[in-house]
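The values are calculated or read from the model by the stated rules, or taken from the named source; none is laboratory data. All figures in this text were calculated on a predicted structure; none of them were measured in a lab. We place every Cβ from the backbone using ideal geometry, glycine too, and count neighbours over all the protein chains shown. Side chains included, ligands, DNA and RNA excluded: accessible areas come from the protein's heavy atoms. Shrake-Rupley method; radii C 1.70, N 1.55, O 1.52, S 1.80 Å.
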Amino acid sequence: MTTFTVADPEQMAALGARIAARLEAGDLLALNGELGAGKTTLTRGIGEALHVRGAVTSPTFVLARTHPREGAAPLVHVDAYRLSSALELDDLDIDFEASIVVVEWGAGKLDGITDSWLELDIVRPVGGVETEEGVEPRIVTARGHGERWSDLGWLGAPLP
Ligand SMILES: Nc1ncnc2c1ncn2[C@@H]1O[C@H](COP(=O)(O)OP(=O)(O)O)[C@@H](O)[C@H]1O
Ligand SMILES: [Mg+2]
């Protein structure tokens, strides 16, 4: 487990890019955190770094959006807010093996989907102060599940 601070949306996107550099087909990333925590901002950073087709936006009105890539595994961006279990996630028929999958609101809904995934909790600190532009640091806690994500040393280095 590793915990660090992300100062602003640009750093959140940079964190996404850092994670993207490690992602390959079959990888699964679960993002937890309240509405407005920064899950989509992080996913946007991942999408930009992966040069996916189509803008990464909040997928709230579709459960999953696939962003193709030229000659590489697509990014599948899932909003699991209205899903109650791994069974329902499984029902979406996502090709997990051939895709990079990012699940917002994924906590507790990934059991049995794969044997390894990276989980990030994004928290707005209680009593934090937002600037006029709405910028406020976030506390990010990363947990690796399975062999693939057993070493997270690369994740917590200071962000640009
Ligand atoms: N440190 C920060 N990290 C990420 N987003 C931040 C930060 N500070 C302010 N924000 C703002 O918070 C909002 C996060 O929204 P979003 O990424 O859509 O959240 P979620 O997908 O978790 O609901 C954005 O408007 C973003 O500009
Ligand atoms: Mg979102």
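Karplus-derived 3J(HN,Hα) values for the range 145-160, using 6.51 cos²θ - 1.76 cosθ + 1.60 with θ = phi - 60°, are 10, x, 4, 4, 10, 6, 10, 10, x, 6, 7, x, 4, x, 7, x Hz; glycine and proline are entered as x.
Which of the peptides 38-51, 66-79 is most tightly packed, and how do the rest follow, going by the mean number of other Cβ atoms within 10 Å of each residue?
Packing proxy ranking, top to bottom: 38-51, 66-79.
Take the Cα of Met1, step 7 Å toward its Cβ, do the same at Ser150, and the gap between the two points is 2.0 nm. Principal-axis analysis of the Cα atoms of the chain puts helix 9-20 at an angle of about 40° to the longest axis. Annotation: amide H of Val103 within the under-5 Å range of Leu29, Ala30, Leu31, Val78, sequence separation 5 or more or interchain, hydrogens built in the peptide plane.
Among Glu104, Glu34, Glu130, the largest mean-square fluctuation in a Gaussian network model of the chain, built with springs joining Cα atoms closer than 10 Å, belongs to Glu130. Rolling a 1.4 Å probe across all protein chains gives Phe96 an accessible area of roughly 30 Å². Once the Cα atoms are used to define both axes, helix 39-49 deviates from the longest principal axis of the chain by about 70 degrees.
For the range 89-104, putting each phi into the Karplus relation 6.51 cos²θ - 1.76 cosθ + 1.60 with θ = phi - 60° gives couplings of 5, 4, 5, 6, 6, 6, 7, 4, 5, 9, 10, 9, 10, 10, 10, 7 Hz, in residue order, rounded to whole numbers and with x for Gly and Pro. Note: the range 1-74, Cα convex hull, 106 Å³ per residue.
For the range 52-132, the square roots of the Cα gyration tensor eigenvalues, ordered a ≥ b ≥ c, give a/c of at least 1.5 with a/b no greater than b/c, which places it in the oblate category.
With contacts defined as alpha carbon pairs under 8 Å and 6 or more residues apart, what's the relative contact order of the chain in percent?
Details: 318 pairs, mean separation 52.6, N = 160.
The value is 33 percent.
Converting phi to 3J(HN,Hα) with the Karplus coefficients 6.51, -1.76 and 1.60 and the offset θ = phi - 60°, the range 111-124 yields 4, x, 6, 9, 9, 9, 7, 9, 10, 10, 9, 10, 10, 8 Hz in sequence order, with x at every glycine or proline.
Of all beta bridges that DSSP places with both ends in the chain, some 55 percent have antiparallel geometry. By the Stokes-Einstein formula, at 1.567 mPa s and 4 °C, the chain with its Kirkwood radius over alpha-carbon pairs has D equal to 82 µm²/s.
Annotation: extensible slack from Thr141 through Thr114 equals 7.7 nm (criterion: 0.36 nm per residue apart, minus Cα-Cα distance).
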